[in-house]
Amino acid sequence: MPRFYVDADYCAGSTLSLPEDAAHHAGRALRMREGDGAILFDGRGHEANVVLHFSSNGVTADIVSVSSSSSESPIDTTLIQALVSQEKLDWVLQKAVELGVKHIVVAPASRSVTKLDNKRLEKRLIQWQKIILSACEQCGRSYLPTIHYHSTLAEAFKTVKSETKLIMAPAARLGLPQTLSSNIAFAVGPEGGFSEEELTLAQENGFQCTQLGPRVLRTETAALAMLSTLQALKGDFVSS
């Protein structure tokens, strides 16, 4: 059933209007019709089963029932992603949301090729939010992951308060710790990887260098491989 993000208070029996973007998506992109069913979510874990009504004034939704989301992972994961090219970062954001990430922090590294001035950053933040929202609509999540940009890695490292803090480094001697908490942050470098100074800075802020296997992963692969591994070890990929 189609899902749309609508930031509102849901109450069974009430009616609300779909925002312009959601209304356009329902009517034009999906070609939905009068009386079709859909699911709304508020980004805070609530969902509403609705019936849609179309008119020249827009699209309204009659709320049939309200429920809480059950699609969130039991682990609280924070991805610190070094700034990379737009195409790669957009891909990482979309797939990380699908894989259950809860917080995303983006920061430039010394080897980041992409640079963002204030004007470009403002546009990219809007684009990143749209990617996260769209990914939640597609994959069935009703909580919107947070995303923040920090101007330096030092600031990003200091901001994270997770119990387990990891930084991915191909030359690391150790793999994942045998004991992992359910609150995990991990940092992924840019195309050229983190510098030695950045790895040292991370360790000074409580991060442990780690690697996943003997092969060097591309930056757009590393974050997704780590998230998948953590979900398999501690999250909802674990078979019951």
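The values are calculated or read from the model by the stated rules, or taken from the named source; none is laboratory data. This is a predicted model, so every value here is computed, not measured. Cβ placement follows ideal geometry from the backbone for every residue including glycine, while neighbour counts extend to all protein chains displayed.
Scan segment 53-103 for residues that are in contact with a Gly (Cβ under 7 Å, 6 or more places away or on another chain), over 17 Å from residue 135 (Cα atoms) and not polar (S, T, N, Q) and report the count.
Summing the residues that are in contact with a Gly (Cβ under 7 Å, 6 or more places away or on another chain), over 17 Å from residue 135 (Cα atoms) and not polar (S, T, N, Q) in segment 53-103 gives 6.
Can you tell which of 238, 160 is under 23 Å from the mean Cα position of the chain (by Cα), of a type in the set (A, V, I, L, M) and crowded, with 16+ Cβ neighbours inside 10 Å?
Only one candidate passes the filter, namely 160.
Read through the list (1) touching a Ser or Thr at 6+ places or on another chain (Cβ under 9 Å); (2) without any contact (Cβ under 8 Å) to a residue 40 or more places away in the chain, then give the number of the only condition that residue 100 fails.
(2) is the only condition that residue 100 fails.
Taking the residues in segment 111-121 that are touching a Leu at 6+ places or on another chain (Cβ under 9 Å) and loosely packed, with under 15 Cβ neighbours inside 10 Å as candidates, determine which candidate is nearest to residue 21 (Cα to Cα).
Filtering segment 111-121 for residues that are touching a Leu at 6+ places or on another chain (Cβ under 9 Å) and loosely packed, with under 15 Cβ neighbours inside 10 Å, the one nearest to residue 21 (Cα to Cα) comes out as 115.
Could you check how many residues of segment 76-110 are assigned to a strand (DSSP E or B) and either surrounded by fewer than 20 Cβ atoms within 10 Å (Cβ to Cβ) or not polar (S, T, N, Q) (or both)?
Selection size over segment 76-110: 9.
When you scan segment 145-240 for strands (runs of 3 or more DSSP E) that lie fully inside it, which ones turn up with 2 or more residues that are β-branched (Val, Ile, Thr)?
146-149, 164-168, 183-188
Which one of these does residue 73 not meet: (1) out of contact with any strand residue (DSSP E or B) (no Cβ under 9 Å at 6 or more places or on another chain); (2) assigned to a loop (DSSP other than H, G, I, E, B); (3) farther than 30 Å from residue 165 by Cβ?
In the conditions (1) out of contact with any strand residue (DSSP E or B) (no Cβ under 9 Å at 6 or more places or on another chain); (2) assigned to a loop (DSSP other than H, G, I, E, B); (3) farther than 30 Å from residue 165 by Cβ, residue 73 misses (3) alone.
Residue by residue through segment 2-60, note down the ones that are assigned to a loop (DSSP other than H, G, I, E, B), crowded, with 16+ Cβ neighbours inside 10 Å and of a type in the set (Asp, Glu). Explain how you work it out, then say what you get.
The initial filter retains those residues of segment 2-60 that are assigned to a loop (DSSP other than H, G, I, E, B), namely 2, 6-14, 18-19, 30-36, 42, 45, 56-57.
Narrowing further to those that are crowded, with 16+ Cβ neighbours inside 10 Å: 2, 6, 8, 10, 18-19, 32, 36, 42, 45.
Listed by number, the residues that qualify are 36, 42.
Any idea how many residues of segment 56-84 are modelled with pLDDT under 95 and either over 19 Å from residue 139 (Cα atoms) or among the basic types (Lys, Arg) (or both)?
3
State whether the residues of segment 42-53 include one that is among the small types (Gly, Ala, Ser) and in contact with a helix residue (DSSP H, G or I) (Cβ under 6 Å, 6 or more places away or on another chain).
No; the residues of segment 42-53 include none that is among the small types (Gly, Ala, Ser) and in contact with a helix residue (DSSP H, G or I) (Cβ under 6 Å, 6 or more places away or on another chain).
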